[in-house]
Amino acid sequence: MINYPKTKNNMKPNPTPPTDPKTAALIVGGIALAIVIVIATTWAIYPGRNAVPRSANNQNAVPELAGETSQNLNTPSTIDKIAQFSSEEDFKNYLDQAEKAGGAPFLGFGRGGIGGAVDLATPEAMSFQSQADMGASAAKGTAIPAPGRVSTTNVQVLGIDEPDVVKTDGRQIYFSPEQRFFRPMIERPLPAPVGGVESSIRPPYPPDYPEAPGIKVVDAFPPDGLKLSAKLDKNGDLLLFKDVLIVFSRTDNKFYGYDVSNPAAPQQKWEVAVKDKDELAGARLYQDQIYIVSRSNIAPDRLCPLEPFVAGGNPVKFECGQIYHPDAVVPVDLTYNLLALDAATGKVEKTASFVGSSGGSTLYMSDAAIYLGYDYPGNFVKLFSDFLGTSSDLVPSSIADRIKKVGDYDLSDSAKLAELEDIVGHFTRSLNSDEMMRIQNELSNRVDKFYQEHGRELTNTGIVKVSVPQLEVSAMGRVPGQLLNQYSLDEFKGNLRVATTSSGNFGWIGGLISGNSGSSVSDVYVLDKNLSPLGAVTDLGRGERIYSVRFIGDSGYVVTFKQVDPFFVLDLSRPASPQLKGELKIPGYSSYLHPIDDQTILGIGQENGQVKLTLFDVNSPSDPKELSTYKLNEYYSEAQNDPHAFLEDTQNKLFFIPGSQGGYVFSYADSQLKLAKAMSVPEAKRAVYIDKYFYLIADNKITVFDESSWEKIKDLEF
């Protein structure tokens with residue numbers, strides 16, 4: 001998603017790490033090999049669920065870690081050189097060197113998707129639709145007065161729209177229901193994918209998926225004329241630019257522009273296809289431009305020019321000189337392709353591309369730049385040999401020396417890991433069972449101590465800054481740890497604020513070693529316009545991971561969680577010396593943070609398997625307080641994971657969230673949470689308001705209420 005000046009930013013829940021089966025298979029060899037996997041597993045899991053103690057006298061310092069290399073980050077830093085391929089041969093030479101380099105990929109724009117949740121609409125966003133646009137709507141055939149106010153999609157940043165299943169212009173509601181085989185019954189919501197957040201564009205339906213229900217075009221205002229006026233035989237996420245409805249189709253992996261000036265008879269204006277097996281990763285609408293990101297597997301037989309899109313029946317070419325890469329050689333397997341498109345005509349305006357890998361990724365946008373965050377693992381071989389070097393009383397120094405030499409071999413990463421397995425295997429097979437047991441226990445304890453000292457070297461995030469509207473890579477940088485989602489990134493006054501967690505949760509290692517789960521650490525970094533480090537607040541939380549982040553002006557708010565919810569308040573007014581000002585510990589956690597006003601933050605999360613709402617008083621940053629809480633008889637709300645599902649009505653001091661049983665409207669007047677309306681409507685997905693009317697949108701119907709009395713006005717079943 002995107003960020004924009006003078007706005008409130010938002011958050012999303014933290015991913016739980018999946019286990020890497022290939023990594024797990026390598027750990028059965030022995031003790032030291034188990035530790036190999038301990039560290040390797042750190043690459044595969046999400047930023048830790050745990051955090052090291054916060055240092056009272058070192059909260060502002062950029063952490064110093066040893067051993068900066070092209071594949072290992074020890075402090076936030078700028079990547080010195082950015083290059084573009086001069087030719088296909090230049091690209092091929094880079095790949096040949098990268099194949100031998102092994103280690104960390106440069107860009108991890110993962111299959112989990114670029115993009116994610118969005119911030120809810122501010123008062124300005126609720127009514128940013130211009131009167132000219134409303135006039136255009138009125139010209140569709142009726143002389144009905146325009147509504148006084150219209151809600152918009154809940155986005156991260158005012159002025160930069162994000163795709164969602166519902167859009168409205170104040171006259172019509174456009175809704176794309178999602179067909180499903182079944183609704184999973186789970187006791188607790190599953191976290192988002194590793195390495196970022198879900199794609200802002202939902203993945204295409206598989207070929208054998210049931211017939212899509214189609215996009216509904218509904219005459220919505222005034223409500224007494226509520227009716228289905230048209231249906232499009234497409235399904236997917238939507239953007240709306242004046243009288244053009246943009247559909248990111250899940251049925252054929254294309255996006256379409258429809259003229260909806262006559263809503264009863266939409267006409268297709270343009271079409272752009274994502275070519276072959278490429279994937280559509282994310283999209284934003286800023287001013288009159290749509291910015292689109294796709295992923296392409298690198299094809300060795302034709303490296304460039306790339307042709308990832310087809311517009312108007314013609315391939316869109318990305319020449320070799322448009323493909324960026326770091327000057328340092330690192331492994332890559334994908335390209336990430338950016339396309340700027342005129343929203344009204346579908347005309348291609350700008351293109352750019354850069355090499356990457358299929359790891360985790362995060363997309364964030366301001367009015368000046370697109371920021372792409374990617375996983376950047378540390379130097380595994382070096383860290384492993386360093387760890388063995390601290391345990392020479394348990395593992396002979398000759399073993400550590402041999403492993404250290406492996407790091408210098410001209411081999412792929414998998415080949416180096418096989419060498420490690422062979423070296424460690426010879427050692428463990430020489431031990432009797434008593435010695436094995438003793439070393440197992442000793443190494444288990446030392447792993448945690450080693451991580452506390454070197455944890456930030458294990459998981460890192462690289463950041464690419466792409467200028468808008470030029471689509472030129474202008475800076476590259478790196479920070480320790482991994483991002484939660486796009487709200488972990490925020491641009492303010494030319495600086496970039498970044499929140500990360502470095503993981504200390506090693507899990508079970510082949511049944512031999514259980515890594516200590518109390519070593520995670522979370523940090524907030526401030527980088528300048530060149531992505532060079534200015535300052536940091538480090539060591540937030542103990543044994544926890546970030547669940548939500550919110551940057552608002554000169555302040556930052558971070559929630560970490562394991563058993564209680566530490567709510568941290570940061571003072572970021574001095575970028576070179578940011579400070580932790582206050583902390584509040586309460587049960588449960590907040591996975592979505594939303595500013596109600598300058599003094600109040602709303603948290604949406606869970607406690608003991610129930611949806612929990614909390615109002616935080618942040619008027620005194622050094623002494624945050626819990627003003628009001630409310631627990632719903634719901635195990636999950638989509639608003640926890642996808643803020644598109646959240647709607648705020650600032651005029652009436654209300655907000656809406658969906659649940660599994662229906663929809664809920666809450667009042668936050670007088671700084672108290674009160675349930676204003678419960679609506680028992682199965683499959684409730686979204687809500688919008690038009691003038692004084694509230695529209696609850698479910699998979700199979702729309703229900704209209706009068707906000708002044710909450711009297712039901714009308715139903716429309718699909």
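The values are calculated or read from the model by the stated rules, or taken from the named source; none is laboratory data. None of these values were measured; they are calculated from a predicted model. Here Cβ is always computed from backbone atoms with ideal geometry, including for glycine, and neighbour counts include all displayed protein chains.
What to note about this one:
- Scanning the range 584-606 for residues that are in a strand (DSSP E or B) and surrounded by fewer than 17 Cβ atoms within 10 Å (Cβ to Cβ) yields Lys585, Pro587, Asp597.
- Residue match in the range 601-617 (condition: β-branched (Val, Ile, Thr), over 16 Å from Lys653 (Cα atoms) and touching a Ser or Thr at 6+ places or on another chain (Cβ under 6 Å)): yes
- Listed by position, the strands (runs of 3 or more DSSP E) contained in the range 131-236 that have at least 1 residues being touching a helix residue (DSSP H, G or I) at 6+ places or on another chain (Cβ under 7 Å) and at pLDDT 60 or above are 215-219.
- Listed conditions (1) within 27 Å of Asp571 (Cα to Cα); (2) touching an Asp or Glu at 6+ places or on another chain (Cβ under 9 Å); (3) not aliphatic (A, V, I, L, M) are all met by Asp598, apart from (2).
- Meets criteria (surrounded by fewer than 20 Cβ atoms within 10 Å (Cβ to Cβ), over 33 Å from the mean Cα position of the chain (by Cα) and not aromatic (Phe, Trp, Tyr)) for Asp401: yes
- Residue that is farthest from Asp288 (Cα to Cα), among those in the range 435-473 that are acidic (Asp, Glu) and free of Cβ contacts under 8 Å to residues at least 40 places away in the same chain: Glu435
Residue by residue, here is whether (1) in contact with a strand residue (DSSP E or B) (Cβ under 9 Å, 6 or more places away or on another chain); (2) among the aromatic types (Phe, Trp, Tyr); (3) without any contact (Cβ under 8 Å) to a residue 12 or more places away in the chain; (4) not in a strand (DSSP E or B) holds:
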| site | (1), (2), (3), (4) |
| --- | --- |
| Ala264 | yes, no, no, yes |
| Val272 | yes, no, no, no |
| Ala283 | yes, no, no, no |
| Ile290 | yes, no, no, no |
| Asp301 | no, no, yes, yes |
| Cys304 | yes, no, no, yes |
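- Scanning the range 415-434 for residues that are in contact (Cβ under 8 Å) with a residue 12 or more places away in the chain and surrounded by 13 or more Cβ atoms within 10 Å (Cβ to Cβ) returns Ala415, Lys416, Leu417, Glu419, Leu420, Glu421, Ile423, Val424, Gly425, Phe427, Thr428, Leu431.
- Of all residues making up the range 454-473, the number that are over 14 Å from Asp523 (Cβ atoms), of a type in the set (A, V, I, L, M, F, W, C) and out of contact with any strand residue (DSSP E or B) (no Cβ under 6 Å at 6 or more places or on another chain): 0
- Qualifying residues in the range 474-504 (those that are among the hydrophobic types (A, V, I, L, M, F, W, C) and surrounded by fewer than 23 Cβ atoms within 10 Å (Cβ to Cβ)) - the one farthest from Gly356 (Cα to Cα): Phe492
- Filter pass, Ser680 being surrounded by fewer than 18 Cβ atoms within 10 Å (Cβ to Cβ), closer than 16 Å to Ile657 by Cα and small (Gly, Ala, Ser): yes
- The lone criterion from (1) at pLDDT below 95; (2) over 19 Å from Lys167 (Cα atoms) left unmet by Leu654 is number (1).
- Considering the range 616-655, and only residues there that are free of Cβ contacts under 8 Å to residues at least 40 places away in the same chain and within 27 Å of the chain's Cα centre (by Cα), the residue that is nearest to Gln156 (Cα to Cα) turns out to be Ser637.
- Screening Asp617 against (1) over 24 Å from Tyr693 (Cβ atoms); (2) in contact with a helix residue (DSSP H, G or I) (Cβ under 9 Å, 6 or more places away or on another chain); (3) buried (at least 18 other Cβ atoms within 10 Å of the Cβ) leaves a single unmet condition, (3).
- A single entry from Asp333, Asp327, Asp342, Asp252 fulfils the requirement of being touching a residue at least 40 places away in the same chain (Cβ under 8 Å), within 24 Å of Leu158 (Cα to Cα) and surrounded by fewer than 18 Cβ atoms within 10 Å (Cβ to Cβ): Asp342.
- Selection within the range 657-677 - out of contact with any helix residue (DSSP H, G or I) (no Cβ under 6 Å at 6 or more places or on another chain), part of a strand (DSSP E or B) and within 26 Å of Lys167 (Cβ to Cβ): Gly663, Tyr664, Val665, Phe666, Ala676, Lys677
- Unmet requirement for Glu638, which otherwise passes all of (1) farther than 18 Å from Tyr547 by Cα; (2) touching a helix residue (DSSP H, G or I) at 6+ places or on another chain (Cβ under 6 Å): (1)
- Taken over the range 552-569, the criterion of being in contact with an Asp or Glu (Cβ under 9 Å, 6 or more places away or on another chain) and within 19 Å of Asp490 (Cα to Cα) is satisfied by Ile552, Gly553, Asp554, Ser555, Gly556, Val559, Thr560, Phe567, Phe568, Val569.
- Residue within the range 703-715 that is more than 16 Å from Leu593 (Cα to Cα), among the basic types (Lys, Arg), buried (at least 18 other Cβ atoms within 10 Å of the Cβ) and in contact with a strand residue (DSSP E or B) (Cβ under 9 Å, 6 or more places away or on another chain) present: no
- Conditions (1) of a type in the set (D, E, K, R); (2) touching a helix residue (DSSP H, G or I) at 6+ places or on another chain (Cβ under 7 Å); (3) over 12 Å from Val524 (Cβ atoms); number of the one not met by Arg550: (3)
- Of all residues making up the range 282-324, the number that are in contact with a Pro (Cβ under 7 Å, 6 or more places away or on another chain) and under 18 Å from Gly356 (Cα atoms): 6
- Just one of the numbered conditions (1) under 24 Å from Val355 (Cα atoms); (2) touching a strand residue (DSSP E or B) at 6+ places or on another chain (Cβ under 8 Å) is not true of Gln440: (1).
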